[in-house]
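The values are calculated or read from the model by the stated rules, or taken from the named source; none is laboratory data. Since this is a predicted model, take the numbers as computed values, not measurements. Note: ideal-geometry Cβ built from the backbone for every residue, glycine included; neighbour counts use all protein chains shown.
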Amino acid sequence: MSVLEQQEEQARGFRGWLGDIVARVSAGELGSIPVVVGLVVIWATFQILNPTFLSSTNLVNLTMQCAAVGTMAIGIVLVLLIGEIDLSVGSVSGLASAILAVAFVQNGLPLVVAILMAVAAGAIAGLIFGLLRTAFGVPSFVITLAGLLGFLGVQLYVLGARGSINIPFESVIVQFAQQWFLPAWASYTVVGLAVVVYAAQNLSRAARRTAAGLTSLSRTTIVVRSLVMLVLLTFAAWYLNLTRGVGAMFLLFLVLVVVADYVLSRTSWGRAVHAIGGNVEAARRAGIRVNRIYISVFVICSTLAAVGGVLAAARLGAANQSSGGTDTSLNAIAAAVIGGTSLFGGRGSAYSAVLGILVIMSITSGLALLNLDSSIRYMVTGIVLVLAVIVDALSRRSRAAAGRA
Amino acid sequence: MSPVTAAPPREQILSLRGIHKRFGAVRALQDVDLDVHAGEVVAIVGDNGAGKSTLIKILAGVHPQDAGTITYYGTPVSITTPTVSRDLGIATVYQDLALVDNLDVVGNLWLGRELRRFGELDDVEMEQRSWALLRELSARIPSVRVPVASLSGGQRQTVAIARSLIGDPSVVILDEPTAALGVAQTAEVLNLIERLRERRLGVILISHNIADVQAVADRIVVLRLGRNNGDFRGADITSEAIIAAITGATDNSVSRRAAAQLEADAR
């Protein structure tokens, strides 16, 4: 390849960027397009069936419902990226809820200590999974299935005979999850900061690349993207601000997603995670300490599950035997997959946790507004999940056909 | 080829003496010798089961030899693990290439030794050096930002070989680099091997393809049933003679004659 071609590539700018997208889509690099389309369809459908669906009140509720399971879904994205699975996130989150409630309410420990204990329990659970996975090579499917049962047992044991513990409404953690919303000015400040940081990072990167004689995004592209982002985020914040606004817990979730995305795309660790998902043997031969990455991913996943459990308990204002039960694990996994993270490993991004959980919670919320019970909800979510997996499999196939597998 | 080989001070990089390796009852290698000099392409040929793979795996640190010595720039070394091998400066490109399909060319080239800047990946520096390296090798890669899955077989081989050069090795081992390639792509890889020789690297080439071997190798080492069965100068050996040595059809007379000739030339 010549320098000439490189310069040509450089000069394409905004139109070139659009062309790239079209080329990628036709080659099966769908990214987040299917889930965005799906979300639009779902929202439009429910809005037609019930005009309150897209009301500010309902959307604020939706965001608050997303935070806990969404946080767990970030962990699932990581585990799926290395080509593994964690079925136990629900049980681990339930255990974290129970530990929080017992330590804070029953034993009167300081809140911070209780939260740290709950999160540490998650980290230990993940460490156990990681060690079992690497020491014995047992499939993570089986290990975490055992974990699902085992940690549910620990949760019930921790809760003891009472089975349900209420967390006082006045406590900071419940206030945080239920009552703390950003004031309008603060939400716009966050939006502004996010866009400025995004634009500044991209501009400085582009400048460095140009200086190094490499292809880079044109200034126009970056400015246009930043403006689009500014408009969308401002509109979202404004719309939520019509009623209660942007919840602190939802913001925490978004921050976790951004951090996860940064770590995955900009660090050696993230590169190693993608490499292991693509070809473990190649990663090993490249000198990556594969076992360490496995263990770290399982630890992070279970830790995030525990954080999700703390958030869920706070939002509910209680921990009980069904905390993290029934469909929590499956919703978290479904969210990651619906959001576009491949079950086959190596492909996906932290943002799929946001998009996926929005889809799932939209279905839940929409059907609840229509007074349809959970039987329908499970069926619809099941169908959406199947569609997402089909999209994943099909795009994998067309990637193979286009030589991008 | 001969002018390059004749270049006077041939610095010896690797020297193997009396290498033995057995797996249970199977004697994979018996008393095998091998020398590699800077700026020299040494082809190792032999039938299936002749011990080619075992020999390079010893050099790559996959499994150590049972007996025999390896000297590296005159110092005896023991290559116990792949990391030791790599740190010495021996780079191995396996037949399966060990590329990560979902990472782009830059990601693959620097995998496991990424450059960092303020703690985060330094994509700019890595991409720049990738271009420089590929250009030096006159490699034809459409873009370093595409996943390697979208590259042709020859291009993938090129990426794998380029990756082996990132650690600045002094010996590169290529395991069947042309086995799965078409004519044009094979030519590309053979050019690449000559480029490695120009960089004064010692190249060990494992191949089944006699024509490829003759095209680029300065020396051809034949293994048969785990033993040395001839060490020929690439320029003056016919493919019939090589095949005879590989199959053992000539009771070693060819190899003996050629070895004597080589010694005579050396004096």
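Descriptive notes on the structure:
- For B:I161, the conditions (1) crowded, with 20+ Cβ neighbours inside 10 Å; (2) within 14 Å of another protein chain (Cβ to nearest Cβ); (3) assigned to a helix (DSSP H, G or I) are fulfilled apart from (2).
- Those residues of the stretch A:310-324 which are under 17 Å from A:V89 (Cβ atoms) and either buried (at least 20 other Cβ atoms within 10 Å of the Cβ) or modelled with pLDDT under 90 (or both), in sequence order: A:V310, A:L311, A:A312, A:A313, A:A319, A:S322, A:S323, A:G324
- Members of the stretch A:15-71 found to be farther than 16 Å from A:A353 by Cβ, of a type in the set (V, I, T) and modelled with pLDDT of 90 or more, listed by number: A:V40, A:V41, A:I42, A:T45, A:I48, A:T52, A:T57, A:V60
- Checked against the criterion of being buried (at least 20 other Cβ atoms within 10 Å of the Cβ), closer than 29 Å to B:L29 by Cβ and at pLDDT below 90, the candidates B:G61, B:G112 yield just one match: B:G61.
- Checked against (1) over 30 Å from A:S55 (Cα atoms); (2) out of contact with any Leu (no Cβ under 8 Å at 6 or more places or on another chain), A:T381 passes all but condition (1).
- Residue match in the stretch A:353-376 (condition: within 14 Å of another protein chain (Cβ to nearest Cβ) and surrounded by 17 or more Cβ atoms within 10 Å (Cβ to Cβ)): no
Residues checked against (1) of a type in the set (K, R); (2) within 25 Å of A:A68 (Cα to Cα):
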residue: A:I173; (1), (2): no, yes
residue: A:Y188; (1), (2): no, yes
residue: A:Q201; (1), (2): no, no
residue: A:R208; (1), (2): yes, no
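- The residues listed here are A:G153, A:G213; of these, the one that is within 25 Å of A:R315 (Cβ to Cβ) and modelled with pLDDT under 95 is A:G153.
- Only a single criterion out of (1) hydrophobic (A, V, I, L, M, F, W, C); (2) closer than 30 Å to A:G346 by Cα; (3) out of contact with any Gly (no Cβ under 9 Å at 6 or more places or on another chain); (4) surrounded by 23 or more Cβ atoms within 10 Å (Cβ to Cβ) is not satisfied by A:L80, namely (3).
- Taken over the stretch A:292-302, the criterion of being buried (at least 19 other Cβ atoms within 10 Å of the Cβ) and not hydrophobic (A, V, I, L, M, F, W, C) is satisfied by A:Y294, A:S296, A:S302.
- Condition met for B:A149 (at the interface with another protein chain (Cβ under 7 Å from one of its Cβ atoms), closer than 16 Å to B:R163 by Cβ and at pLDDT 85 or above): yes
- For B:D104, the criteria (1) more than 8 Å from chain A (Cβ to nearest Cβ); (2) surrounded by fewer than 16 Cβ atoms within 10 Å (Cβ to Cβ) hold in every case but one, which is (2).
- Residue within the stretch B:71-82 that is polar (S, T, N, Q), over 22 Å from A:A211 (Cα atoms), touching a residue at least 40 places away in the same chain (Cβ under 8 Å) and facing another protein chain (nearest Cβ under 7 Å) present: no
- Hey, B:L174 aliphatic (A, V, I, L, M), more than 30 Å from A:R396 (Cα to Cα) and assigned to a strand (DSSP E or B) or not: yes
- Of the set (1) small (G, A, S); (2) within 10 Å of another protein chain (Cβ to nearest Cβ); (3) under 30 Å from A:F53 (Cα atoms), all apply to A:G346 but (3).
- Of all residues in the stretch B:110-131, those satisfying the criterion of being among the aliphatic types (A, V, I, L, M) and either more than 10 Å from every other protein chain (Cβ to nearest Cβ) or over 28 Å from B:R197 (Cβ atoms) (or both) are B:L121, B:V124, B:M126.
- Unmet requirement for B:S150, which otherwise passes all of (1) without any contact (Cβ under 8 Å) to a residue 24 or more places away in the chain; (2) touching a strand residue (DSSP E or B) at 6+ places or on another chain (Cβ under 9 Å): (2)
- Residues that are more than 7 Å from every other protein chain (Cβ to nearest Cβ), more than 20 Å from A:V258 (Cβ to Cβ) and not small (G, A, S) within the stretch A:270-286 comprise A:I276, A:V280, A:R284, listed in sequence order.
- Out of B:D87, B:D96, one residue alone is in contact with a helix residue (DSSP H, G or I) (Cβ under 9 Å, 6 or more places away or on another chain), more than 7 Å from chain A (Cβ to nearest Cβ) and free of Cβ contacts under 8 Å to residues at least 40 places away in the same chain. It is B:D96.
- In the stretch B:219-238, residue surrounded by the most Cβ atoms within 10 Å (Cβ to Cβ) [restricted to those that are over 18 Å from the mean Cα position of the chain (by Cα) and β-branched (V, I, T)]: B:I237
- Any hit, the stretch B:66-79, residues being aromatic (F, W, Y), within 22 Å of B:L196 (Cα to Cα) and touching a Leu at 6+ places or on another chain (Cβ under 7 Å): yes
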